[in-house]
Structures are given as structure tokens and as C-alpha cells.
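Provided herewith is a single structure, encoded as C-alpha cells, for subsequent inquiry.
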């Protein structure tokens, strides 16, 4: 694993690292914030999965999460959203190919060779992180934005014993029925919609739910609101009596200005689930 | 004045605007954060001047200032660091020409036609802002990073009645005696060092000081520490008995990871000077 950079930040360290991934067959870059407490032993981990077009850097630089993670003594992981590089297939559209991995394992050509983000995020990267850094595998939580909110919700519901809590900012809630989903599922997974269901948060909420608490924030002025289909997940959460909070935030859109505005709430929410909040 | 974007952020609005500048002879872009209180009337203003290579966007996106400005009911202005465009002279080096205006009025060719950032920041942009937005001209403060810290300190000391307080993150403190300064002053101002003295914070501190309080943070691991010449300003502030706090922050470097780590302190410092801090 190669260290790209390490900078002191809120008494901890914001690092960027690169490693060779077997899952994607490429080098992968990620950001990791370690609070000062990591010098004394393993700390809890909050995963942050980013949205379409993002690299590891967007949320790391714009979401303002480090200060709250430092306050709570929690590490933050910022993975990339897809494999990248000259040998990796891509598409002219912003929402397919590089920057748009959708947190699944592709089975269709030309994507299947490299687009294995499900395995990368749920298996390979955790193994690399817990081997190398002072992170507590027993205390993990997960969040994300847009496509990354979709990833956080679906990964959490498939790993009920791994995450104490899950949250999302403006998540894609029902990709099977959205233009943010049907196009990508068709390309990556093919036409068998049985495969799609494993990657639809609303379907998973109906079928299995999540053992811990859920927090979702979405802006009422989200310019992609129709694509998110928040109402389908809302209905499924309520029908299931899922322990969850869904907040529609007046006037906020889909940008990182929205994400940063509510980051304190999300980090505090996860801290409470992980080990009781510090005051 | 053209609105590039407006996004809801911490109950206020983060806007980006473009206007034609007579001072620079170009279009200029700036960011402006207005807290919710601006809907009810003029609010105090904190100017943030950025460093070498930056546009209006770097601090706006990475410094995490909006949350604290929202808490204190203060507006934030993020100007660009130089004129830009195809007709504007430039230099291959990162520290001269576009992105490196140094907050002065050039008198040497080819720079003099467009590089008039002193007039733009101290006269033209304030007039445009106070004409258009709900900002209180009687309650202003100023801060900046690196070259922008140099700008904040020199502009504040030349306008003792305008700013209640001045702060800086890793400012260039003594450009007359630094490679971050001599090169640019020679290019923009020529060889007459009498002109240089008006743009050297340490010289100005010896000659006139500042009526309000000053806060300066610089990292002990700043990779450009020798270029900043913090020790010269420190000596001048102490000799003058200037009301000031200089903090050398252990382990921090020159990056925005450093700036964001101490932004809460700086906004709170200015809020206290502007109208007493909110608790």
C-alpha cells in the first residue's frame, strides 16, 4: 500500500493511499481520516460512499466530516466510486462506467472484468484497512450520498451484523424503477431483474430491513428528486416499522452544500450507535 | 452581475457570481455566503482572501467556514486571487501571473493593465457587494491564507477604520525578504523597494500596526515555513505591543486540512470583534 499524502487535520491525520486491488484488477485510491485516538488503539470506523462522478476526494474535501469524526474519535473511510485507468471500460455518459460503479459486481461484458465494487467495498478494502490501520472491526457504521447512499443502504442491509447504523444523504432509493438504476443495472447486470433486486434499497427494506437505526436526509429542492424515488423507501420503512428517521430538508438541493449542512447530525447519529455520543 | 449558482447551505445561501471589473478589465468571479439572517437585514461581513493558485472556489469548498459563519450570522466573501482569461498575461510559474495577484496594483508591463487586485478588493468589489446584497458596511473583518493572509494583513493595516479585526492562516509575513515576494514585487512593482514596503505586513506592523485584534495560526510543519518568515512579523508585533495572538500549531502543514482545522476559532474571533460572540 502506497501513501499518497498525509496531512494533520483536527489533531488527527487525513491520509490518501493507493493499493492494488484483486477485485477490480486496478490500483485503487482511498482517503482515510484517523482521529488522534487512533494513536492509542483501534477506533470505530464510518464508511462514506460517494455519488456519481466522484472520486475518493470529493467528500473528503467538501463534506466537512473530519471535525465531527475528530470530536467523536471515529475514523472515516472515503473509497473511490469505481475502477479507473486507461485499460478500464468507460462510457461517454457521466452515469455509467468510470465514476459510476453503483456498488455492485458486474456480470456483463465489457464491465465484468473490472467493475466489482461490491467485492471491493465489502471484502477487499476492509481486509486491507483492518490489517494496516488502527481500526476496530467490531465497530463500523456506513453512510453515503446519492449513488453512495444507495450503496450504504444496500450494503448495510446485506451485512446486518457488520454495521451498527446506516445513514444516507439524498440516496437513490429505488433504482430498479428509476433512470438512475435501470440503465446501469441493464449494463452491469443484464436483463434478469432478479439480480437487480439485491441492489435496490426499497426492495431490501421490504424483504429484510436493518437491525440498527437509519437516518436519511434529502432536500425538498433536490434537482434529482424524481430520480431518487425517496417516497418508495419511505413507504417501505414505515410499512416495516423500521427504526428510522427520514428528514426532508426545506430548500436544500443535491449538492455538497446540502451534505455538509447536515454532516454533524450524521456523524453524531453514528457515534451514538457505535458507543454513545460524547458531549 | 450574473448569478452562476446559488445553493442552500446551513440555512443560508452559498452563491457564486460574476461581474465585469473596471479595475482589472476582466470579468471577475466571487463566492458569497449569506446566513439566514440576511433575509431580515444587513449582516456583518468576513472577507476571505485565498493563496497562490487558488480561485474563489478553493476556500469556499474546502475551508468549512460556512457552518461557523451561519452560527454567528456573518456573511463570507471569497474573491478570486487575480484576473483571468485569454487576454490576461500569465507566467509558466505557479507563483506569478494568473492565480498570483498578490493583492497589489501592478505598475510594470505586461502586468499593469489587468493586475489591479488592490483596487479590486479594496474599492470595486466592496462597492458592488454593498450595493447588491444585505451586507453591513460598518461591520467588516478580514482573513486569508498564505498569499491571502498577506493580503488580509496589509489591507487591514491600510484601512484601520474599515475592519474590526484581522486574522490569517499561515500568512506570508515579510515578502520583501522572501522568495514569495521578491520575485512578484520585482515583476509587478519594479525595482523601487519603496513601493514594496506598502505591501509587507512586517514593515506595516513596525510603522503603523492595527487598531483591532489580530489572530494568526501557522503550522509548525508548514512545508513553506521558511518562505513565510513568521518570525519577522512575530518580532514586529511583540515590539509594537500589538493586540495579537500568534499560534504555532504543532504538526500542521500549509494545506486546507490545516485551515479547516482552525476555521471555527477564526470565525468566532471575528464574531467577537464584530458584535460579541453568540453562545
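Please specify each residue of the range B:220-239 satisfying the condition of being surrounded by 20 or more Cβ atoms within 10 Å (Cβ to Cβ) and within 14 Å of another protein chain (Cβ to nearest Cβ).
Residue satisfying the conditions is B:222 alone.
Within the range A:108-124, count every residue that is in contact with a strand residue (DSSP E or B) (Cβ under 8 Å, 6 or more places away or on another chain) and under 15 Å from residue A:159 (Cα atoms).
4
Also, I was wondering about something else. Could you list all residues from the range A:240-261 that are surrounded by fewer than 20 Cβ atoms within 10 Å (Cβ to Cβ) and within 10 Å of chain B (Cβ to nearest Cβ)?
Of everything in the range A:240-261, those that are surrounded by fewer than 20 Cβ atoms within 10 Å (Cβ to Cβ) and within 10 Å of chain B (Cβ to nearest Cβ) turn out to be A:249, A:250, A:251.
Test residue B:217 against the criterion of being closer than 22 Å to residue B:64 by Cβ and out of contact with any strand residue (DSSP E or B) (no Cβ under 7 Å at 6 or more places or on another chain), and give yes or no.
Working: closer than 22 Å to residue B:64 by Cβ: yes; out of contact with any strand residue (DSSP E or B) (no Cβ under 7 Å at 6 or more places or on another chain): no.
No; evaluated as a whole, the condition is false for this residue.
Is it the case that residue B:138 is within 14 Å of chain A (Cβ to nearest Cβ), out of contact with any helix residue (DSSP H, G or I) (no Cβ under 6 Å at 6 or more places or on another chain) and surrounded by fewer than 22 Cβ atoms within 10 Å (Cβ to Cβ)? Before you say what the answer is, go through the steps one by one.
Details: within 14 Å of chain A (Cβ to nearest Cβ): no; out of contact with any helix residue (DSSP H, G or I) (no Cβ under 6 Å at 6 or more places or on another chain): yes; surrounded by fewer than 22 Cβ atoms within 10 Å (Cβ to Cβ): yes.
So residue B:138 does not fit the description; no.
Scan the range A:175-217 residue by residue and report those that are without any contact (Cβ under 8 Å) to a residue 12 or more places away in the chain and either more than 29 Å from residue A:267 (Cα to Cα) or assigned to a loop (DSSP other than H, G, I, E, B) (or both).
Quick first cut of the range A:175-217, residues without any contact (Cβ under 8 Å) to a residue 12 or more places away in the chain only: A:182, A:186, A:191-192, A:194, A:207.
Residues satisfying the conditions are A:182, A:186, A:191, A:192, A:194.
Same structure again: Take the residues in the range A:67-85 that are within 14 Å of chain B (Cβ to nearest Cβ) and part of a strand (DSSP E or B); name whichever of them is nearest to residue A:136 (Cα to Cα).
Step one: list which residues in the range A:67-85 are within 14 Å of chain B (Cβ to nearest Cβ), which gives A:67-71, A:76, A:78.
Still in the list and also part of a strand (DSSP E or B): A:76, A:78.
Numbers: A:76: 12, A:78: 16 Å.
Across the range A:67-85, the extreme among qualifying residues is A:76.
If we scan the range B:105-118, do we find a residue that is at pLDDT below 95, surrounded by fewer than 24 Cβ atoms within 10 Å (Cβ to Cβ) and at negative phi? Lay out the reasoning, then the answer.
So in the range B:105-118, the residues at pLDDT below 95 come out as none.
Among the residues of the range B:105-118, not one is at pLDDT below 95, surrounded by fewer than 24 Cβ atoms within 10 Å (Cβ to Cβ) and at negative phi, which makes the answer no.
Looking at residue A:271 and the list (1) closer than 20 Å to residue A:157 by Cβ; (2) touching a residue at least 24 places away in the same chain (Cβ under 8 Å); (3) more than 14 Å from chain B (Cβ to nearest Cβ); (4) in contact with a helix residue (DSSP H, G or I) (Cβ under 8 Å, 6 or more places away or on another chain), which single condition is not satisfied?
The one condition residue A:271 does not meet is (1).
Being modelled with pLDDT of 95 or more and part of a helix (DSSP H, G or I) is the filter; apply it to the range B:227-259 and report the residue that is farthest from residue A:67 (Cα to Cα).
Ranking the qualifying residues of the range B:227-259, first place goes to B:227.
For the range B:86-101, indicate whether the set of residues that are part of a loop (DSSP other than H, G, I, E, B), at pLDDT below 95 and out of contact with any helix residue (DSSP H, G or I) (no Cβ under 8 Å at 6 or more places or on another chain) is non-empty.
Here is the first cut: in the range B:86-101, the residues part of a loop (DSSP other than H, G, I, E, B) are B:86-96, B:98-99, B:101.
Narrowing the set further to residues that are at pLDDT below 95 leaves B:86-87.
Restricting the remaining residues to those that are out of contact with any helix residue (DSSP H, G or I) (no Cβ under 8 Å at 6 or more places or on another chain) gives B:86-87.
Scanning the range B:86-101, I find at least one residue that is part of a loop (DSSP other than H, G, I, E, B), at pLDDT below 95 and out of contact with any helix residue (DSSP H, G or I) (no Cβ under 8 Å at 6 or more places or on another chain), so the answer is yes.
If residue A:209 meets every condition in (1) surrounded by fewer than 21 Cβ atoms within 10 Å (Cβ to Cβ); (2) out of contact with any helix residue (DSSP H, G or I) (no Cβ under 8 Å at 6 or more places or on another chain); (3) within 30 Å of residue A:108 (Cα to Cα) apart from one, which number is that one?
Single failed check for residue A:209: (2).
Still on this structure: Go through (1) touching a helix residue (DSSP H, G or I) at 6+ places or on another chain (Cβ under 7 Å); (2) over 18 Å from residue A:142 (Cα atoms) one by one and return the number of the condition residue A:218 breaks.
It is condition (2) that residue A:218 fails.
The values are calculated or read from the model by the stated rules, or taken from the named source; none is laboratory data. The model shown is predicted, which means the values in this text are computed figures rather than measured ones. Neighbour counts run over all protein chains shown; Cβ positions are idealised from the backbone, glycine included.
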